[in-house]
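None of the figures in this text is laboratory data; all of them are computed from the coordinates on show. Everything numeric here is computed off the predicted structure, so don't read it as measured data. Cβ coordinates were reconstructed from backbone atoms using ideal geometry, including for glycine residues, and neighbour counts include every protein chain displayed.
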Amino acid sequence: MAELLRSNYWIQTYTGRKYDFVYNYPEDINIVDIAHALSQKVRFEGHLQYPYSIAQHSLTVSAVMRKDKYSKEICLQALMHDAHEAYIPDFTRPLKMYLEEQMGVN
């Protein structure tokens, strides 16, 4: 990919792509980067008795949907429901709730 307009706010991904938080494009997203990053990040900020990656969680959710005979499209959505966390970290639910309350959301 030719270097498109970039900001100073980017990360280099596992496959060597640049993901820019200001100027991002579909071709900046890569399934290998998503799989790798999510396999390295743990759920619940690591506060479990054992490591449980976001990738494991995504596979489990998709497997449950498949077992319950949901369509392939729904199973894919279940598999990818946390894919954004490969690029943009998530906050724990209590922090999200607090921030929403402070901002007057809901």
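What does the charge count near THR13 come to, summing +1 for each Lys or Arg and -1 for each Asp or Glu among other residues with Cβ under 9 Å from its Cβ? Don't skip to the end; give the middle numbers.
On the way: positive: ARG17, LYS18; negative: ASP28, ASP33.
Here the charged neighbours net out to 0.
Do any chymotrypsin sites (Phe, Trp or Tyr not before Pro) in segment 1-103 lie in a loop, going by DSSP, with at most 11 other beta-carbon atoms within 10 Å of their beta carbon, and if so which? Those satisfying the criteria are TYR9, PHE91.
Other residues within the sphere of radius under 13 Å centred on the Cβ of ILE34, judged by their own Cβ, net out at -2 (K and R +1, D and E -1). Compactness of the chain, taken as the C-alpha radius of gyration over 2.2 N^0.38 Å, stands at 1.26. Please report the net charge: other residues with Cβ closer than 12 Å to the Cβ of ILE54, K and R +1, D and E -1. Local charge sum for ILE54: -2. I'd like the trypsin sites (Lys or Arg not before Pro) in segment 33-106 restricted to DSSP loop residues with at most 12 other Cβ atoms within 10 Å, sorted by number. Of the trypsin sites (Lys or Arg not before Pro), the ones in loops of segment 33-106 whose Cβ has at most 12 other Cβ atoms within 10 Å are LYS69.
Of all the options ALA63, ALA55, ALA83, the one that moves most in a Gaussian network model of the chain with Cα springs shorter than 10 angstrom is ALA63.
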